[in-house]
1. Would you give the gap between the C-alpha center of region A:74-136 and the C-alpha center of region A:1-27, rounded to a whole Å?
2. How large are Rg and Dmax for chain B when only the alpha carbon atoms are used, in Å?
3. Would you mind calculating the gained length between A:Gln61 and A:Val162 on full extension (0.36 nm times residue separation, minus the Cα-Cα distance), in nm to one decimal?
4. So, how do all the Cα-to-Cα distances of region A:1-142 break down into 5 Å bins, in percent, from 0 on up?
5. Run the quick spin-label model on B:Arg2 and B:Leu310: label points 7 Å from Cα toward the beta carbon, then report their separation in nm to one decimal.
6. Fully extended, how many nm does the chain gain between B:Leu60 and B:Ile38 (0.36 nm per residue separation, minus their Cα-Cα distance)?
7. How would A:Asp115, B:Asp209 rank on accessible area, largest to smallest, probe 1.4 Å?
8. I'd like the Kirkwood hydrodynamic radius of region B:3-76, using the inverse of the mean 1/r over distinct C-alpha pairs, in Å.
Amino acid sequence: MSAAVATLRRSPLLAVACGIVVFQVAVALLAPWLGFQDPFAQVVANRLKGPNATNLLGTDQLGRDVLARIVWGYRTSLFTCTISVGIALVIGGTIGILSAYLGGWWDRITMRLMDVVFAFPILLLAIGVIAVLGPNAWSAAIAIAVVYTPIFARLLRGPALVICESEYVAGARAVGAGGARIVLSHILPNLVSIVLVQTSLLLSAAILVEASLSFLGLGAQPPTPSLGLMLSEGRNFLRLAPWPGIFAGLAILFLSFGFNLLGDALRDTLDPRLRAAS
Amino acid sequence: MRTRFLLGRVLDLALVLLGVSFIVFSMIRLVPGDAVQIMLGANTEITPERVAELRARVGLDQPLLVQYWDWLSGAARLDFGTSIWTGRPVSAEIAAAMWPTLELTLLATLVGAGLSIPIGAFMARARGSGAEVAVRVGAIAGLTIPSFWLGILSILVVTSAFPGLSVLGYVPFTEDPLGNLQRMVLPVIALSLPMLANLSRLVRSAMLDAMGQDYVRTARAKGASARRVTYVHALRNALIPYVTSVGVAVGYMLGGAIVVEQVFAIPGLGRLVLGAISERNYPLVQATILVMTASFVFVNFAVDLLYAVLDPRVRR
């Protein structure tokens, strides 16, 4: 714990990034207990109001509180993206590490398969998955998981390969360590920093993909509070009341920016080469 | 270029295209439930005759391998059958929607890739200065600004400032060149910004890498000017990773174009595929995804070859 504090003190950028991410995640998690208004409650007389004392960020076309819908939209977005990126990390990571460890035909065939999935533009593949499963929040989560699985596989295979060929793995083999032991206690721990960095950066990208999908009407469906959906609904009332659209977009930007900055700062802090240089 | 290298790349290309086509082909078979009933149900009343008729028309009553062969050989001749609801050939619908997307993607790629070199080179040269830090933070923001939000905001700002200006929709360049370009400005900005941000960061780090190399020190030692060292010696070598990233970025562009088209009401491939999804027109969805993905694959093939031209070490 004290080591973490010392690291944060050494890197102000990392501290700022952690602050932004922790704040947003905490607000999303604790939303029901923080006294926000009901994100589903429609007050028709109060439609499309600008920011005011009762509705800090104004109201949308159905008179719902924009601030509450943004906070609940964070929950939708973070929930979808954490699950899907988590699944992609576990499946893709396993494929990448096994490919590096086993090598040979297994490696060649799985990496070829990953190449094929890679050949699709990311958003297009996600749209294809949703076309098959039907547009809803779960399809969007599965689509993001499918898209990010080969990315994790490729990202982790390279470093895992380097570790597999390192002297300490050869040493472990020489003293009779089994395959499971080598993977679990030698390869995995050495991949922790790259996993942290990449998960953070890919979460940032996944948040944008999720927002794009729900903006296109392919993700969460009304009346679920969703940032992308708020933007596409707000677009119809833009001249009349730009606030819901502007705030929803800012929220997406802030969320994605936080994770991107965190990934960037983590890379600077964890990368031994960069650390030696500074 | 070595024949063997070229042959290997062509073989890779064929394998990837085959794999892509199989995945796209499988889509309609992976639909939970009966795809034919879902297609009909989304548009008309379901009767046994209609089900049988549509099933035969889409070819779903054939053995799987026969279906795949028919579909693949059709696709190779750009024959994707007739669209289920309009009765027009799918290839004609795609061809009509292709031009706006092509123009949008091409212009955005030119702007994003073109501007990223001077901006990245500037960041590398002015490292640590206040201006450079500002540009760097701007680059991270550019990466994380949702392009559809940027598009919506730009529409809001521009239409309030110039109420008479038409910024939505699409007119073909051949009909009204000025009107065409005028409507393209905002979508191109919205679409190219993330690419610009990404590529200029890449140029920056590649240049910083190159500036530390021996050949740059040699160039300096023999008295080349700072400008010449930056733009000739360092930049040329920094371009090698850059070319690959431009190829990858085209994939993001094609995806981003779908979203940006929706924002600016441009009748391109994105609108086509979204419309097809909402009416459950699976053959049209498949054909559009296949065409877009295949063009992305070909772009990357070209990039691979270009890469080998730039970097002789790859050709082995």
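The values are calculated or read from the model by the stated rules, or taken from the named source; none is laboratory data. For clarity, every value in this text was computed on a predicted model and none was experimentally measured. Glycine also receives a Cβ, built like all others from the backbone with ideal geometry; neighbour counts cover every protein chain displayed. With ligands, DNA and RNA removed, areas are computed over all heavy atoms of the protein, side chains included. Shrake-Rupley method; radii C 1.70, N 1.55, O 1.52, S 1.80 Å.
1. Going from one Cα centre to the other spans 29 Å.
2. 23.8, 83
3. Details: separation 101, 0.36 × 101 = 36.36 nm, distance 5.53 nm.
Difference between extended and current length: 30.8 nm.
4. Over region A:1-142, the share of Cα pairs per 5 Å bin runs 2, 8, 10, 11, 12, 13, 14, 11, 9, 5, 3, 2, 1, 0 percent.
5. Rounded to a tenth, the inter-label distance reads 2.1 nm.
6. On the way: separation 22, 0.36 × 22 = 7.92 nm, distance 1.36 nm.
Answer, rounded to one decimal: 6.6 nm.
7. Working: A:Asp115 50, B:Asp209 105 Å².
Heavy-atom accessible area, descending, gives B:Asp209, A:Asp115.
8. 14.4 Å
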